[in-house]
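The values are calculated or read from the model by the stated rules, or taken from the named source; none is laboratory data. Quantities reported herein were computed from a predicted structural model and do not represent experimental measurements. Cβ coordinates were reconstructed from backbone atoms using ideal geometry, including for glycine residues, and neighbour counts include every protein chain displayed.
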Amino acid sequence: MPDTLDNPDDLVRAVEACLFAAEEPLTREQISAHLGDAEVKDALAALQEQYAKRGINLVERGKRWAFQTAPDLAHILRREKDQLRRLSRAATEVLAIIAYHEPVSRAEIEAIRGVQTSGGTLDVLMEAGWVRVAGRREVPGRPVIYATTPEFLVHFGLESRKDLPGLAELKASGLLDPVDDAYEDLMEQRSAENAEPEPEPEEAQPDEAEALADEFDAEMLEKPDESA
């Protein structure tokens, strides 16, 4: 690296070298830290313009920068990609729901899909690096909630989740209305459950109350469905 990066051309070359040597996409802050806290915004823009018409492009995905082959040359390299990651229909549906509704719990995913979701389906998505645990929702039972990862954006060529197919596209394909209706039904069901008065303690026998509590706890803890 040059002794000084005051020259804009030297800074562009340094950013280029930094990105080529990196093992994974880098944020602008990471690139800057590698280059002595230099301001690299203009250098990245210049470099992106230089590579725009080449066989390799500089792209930003999820606020991370990296070089990748030009999209119009994909047909040349497709035969080199022997390993394909194929998702089941269930995994594809779960991934789409998480992408559009994140952060979302497993119970909410199941309510939108209308069927139970196997714990293995979420494991596959997390092993692929496309879904992560985003924490727990602060409600009774504190269910785990899921969200997409930067790797999800990189794999599908998205700069952010804003680049996902929009309202008009989903309505045209007939995919949006059923999802929205199911989600609204879930919210209405929850509101109705919250509005229901709690039963008087003296009306339930001890054994019956204990059984109801066990059933409630089991439901709220959202245990994985091992049978699937």
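Laid out as a table, the results:
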item: Candidates ARG64, ARG136, ARG54 - the one that is basic (Lys, Arg) and not assigned by TED's automatic domain parsing to the domain that holds VAL15; result: ARG136
item: Matching helices (runs of 4 or more DSSP H) fully within the stretch 4-106 where at least 1 residues are modelled with pLDDT of 85 or more and more than 27 Å from LEU122 (Cα to Cα); result: 8-21, 28-34, 41-50
item: Of residues in the stretch 7-39 being under 23 Å from GLY157 (Cβ atoms) and β-branched (Val, Ile, Thr), the one surrounded by the most Cβ atoms within 10 Å (Cβ to Cβ); result: VAL15
